[in-house]
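The values are calculated or read from the model by the stated rules, or taken from the named source; none is laboratory data. These numbers come from a predicted model, not from an experiment. Reconstructed Cβ throughout: ideal geometry from the backbone, glycine too, with neighbour counts over all protein chains shown. SASA here: full protein model, heavy atoms, side chains in, ligands and nucleic acids out. Shrake-Rupley method; radii C 1.70, N 1.55, O 1.52, S 1.80 Å.
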Amino acid sequence: MIRVLPLLLLAGCAFLAPKVPKESPPLLDLEEPLELYEEPADEPERIGLPKGSFTGVYVTESARNLEDLGSEPEGVLIDRVVENSPGQFAALEKGDLIVEANGEPVQYASEWRKLELETEPGTRIELIYDRAGAEREATLVAVERVYPADRRKAERFREEDRVGVVVRTATEVEARNAGLGPGAGAVVVGLARTSPWRRAGLLYGDLIVDAGGQAIAHPNLLLKAVRDAPAKGRIKLKLVRGGETLEIDAPVSRRAQEQQITQIPLLYYFERDRDQTSFWVFLGIYKRVKTAAATDTRVLWFFKFRSGDSDRLEEVKE
């Protein structure tokens, strides 16, 4: 029993040890201007845009497209099929996964909407889709759209590990003015004060349309480009600002490591935090605490030495 007691004490200490965080803390200096929380009031302009063709097929991104940045998107999920529409005549159903249209992959909802806008009424669209794991083919014939498509609410996406940026999906007016499908692109609505993209010249309201040669059909593609960039690497961004297309060579950073603790019980202790470094050996027989402004040293617990900044500047001789 006596031999087991130390093991129980050690197990208890391990149980009481603090948990190691699994996620980085939020960026302290991330700025999101309040006026950028609202979408632009461009509904009258949106209603006046050319309406394009109508298929009666409403799609959304599949969960895998949005959650797994490490794999290729598998297609777009049919969310609704309008009754007596070309989509219903083609026997499409809610839950079908459209994989390909006219020989081209369809991975994001913005690509489907762009196809509708660019297809002339009366044109056949050849589809490959997945239903319950079985691949099928269908042909639908687009018709003229009478009413504007529904407005899609903008979504916000945060990147806080490498560049410190918040983006939202572009409105239909913003996207179409930039030559994108509705829902594509990434509008900058937040930046960290220390963001390398801020120093590279990125501004609030910039619409990013391409990152590293990849067209931004959805903000997730921008997040993937940031994540896949090498440490201390760079990404070529193409963006639209005030109707003008610009290119920026944007650097990528990483989270600073601010805290480090090394401890050998009774013999050695070292801690480095954001603004302070502490160090002692052998029960504190020698201890030193250092900040950017001062240094405090103690020897044999009694002898104390301190140096630090004054409340004035040194005089500069002419």
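Of the set (1) closer than 24 Å to HIS218 by Cα; (2) open to solvent by 50 Å² or more (accessible area, probe 1.4 Å); (3) among the hydrophobic types (A, V, I, L, M, F, W, C); (4) at pLDDT 95 or above, all apply to LEU66 but (4).
Residues that are closer than 25 Å to GLU39 by Cα, at pLDDT 85 or above, surrounded by 15 or more Cβ atoms within 10 Å (Cβ to Cβ) and out of contact with any strand residue (DSSP E or B) (no Cβ under 7 Å at 6 or more places or on another chain) do not occur anywhere in the range 205-214.
So that you can scan it fast, the table gives a plain yes or no per residue for (1) in contact with a strand residue (DSSP E or B) (Cβ under 7 Å, 6 or more places away or on another chain); (2) at pLDDT 90 or above; (3) open to solvent by 90 Å² or more (accessible area, probe 1.4 Å):
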| residue | (1), (2), (3) |
| --- | --- |
| ALA217 | no, yes, no |
| LEU221 | yes, yes, no |
| ARG227 | no, yes, yes |
| LEU239 | yes, yes, no |
| GLY243 | no, yes, no |
| PRO251 | yes, yes, no |
| ARG254 | no, no, yes |
| GLN257 | no, no, yes |
| GLN260 | yes, no, no |
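If you go through the range 125-160 and keep only what is farther than 19 Å from PRO182 by Cα and charged (D, E, K, R), you end up with GLU126, ASP130, ARG131, GLU135, ARG136, GLU137, ARG158, GLU159, GLU160. Looking only at residues of the range 150-165 that are of a type in the set (A, V, I, L, M) and out of contact with any Leu (no Cβ under 7 Å at 6 or more places or on another chain), we find that the one that is modelled with the lowest pLDDT is ALA154. For ARG288, the stated conditions do not hold, so it cannot be described as closer than 30 Å to VAL187 by Cα, charged (D, E, K, R) and either out of contact with any Pro (no Cβ under 9 Å at 6 or more places or on another chain) or open to solvent by 70 Å² or more (accessible area, probe 1.4 Å) (or both).
Criterion first (more than 30 Å from GLY103 (Cβ to Cβ) and either in a strand (DSSP E or B) or of a type outside the set (Gly, Ala, Ser) (or both)) does GLY190 satisfy it? In short, yes. For the range 28-63, a tally of residues being of a type in the set (S, T, N, Q) and modelled with pLDDT of 95 or more returns 2.
Yes/no matrix, rows are residues, columns are (1) farther than 14 Å from VAL59 by Cα; (2) touching a helix residue (DSSP H, G or I) at 6+ places or on another chain (Cβ under 7 Å):
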| residue | (1), (2) |
| --- | --- |
| LYS94 | no, no |
| GLU104 | yes, no |
| LYS114 | no, no |
| GLU120 | yes, no |
| TYR129 | no, no |
| ALA132 | yes, no |
| ARG136 | yes, no |
| LEU140 | yes, yes |
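Within the bounds of the range 263-285, is there any residue that is hydroxyl-bearing (Ser, Thr, Tyr), touching a residue at least 24 places away in the same chain (Cβ under 8 Å) and surrounded by 14 or more Cβ atoms within 10 Å (Cβ to Cβ)? No; the residues of the range 263-285 include none that is hydroxyl-bearing (Ser, Thr, Tyr), touching a residue at least 24 places away in the same chain (Cβ under 8 Å) and surrounded by 14 or more Cβ atoms within 10 Å (Cβ to Cβ).
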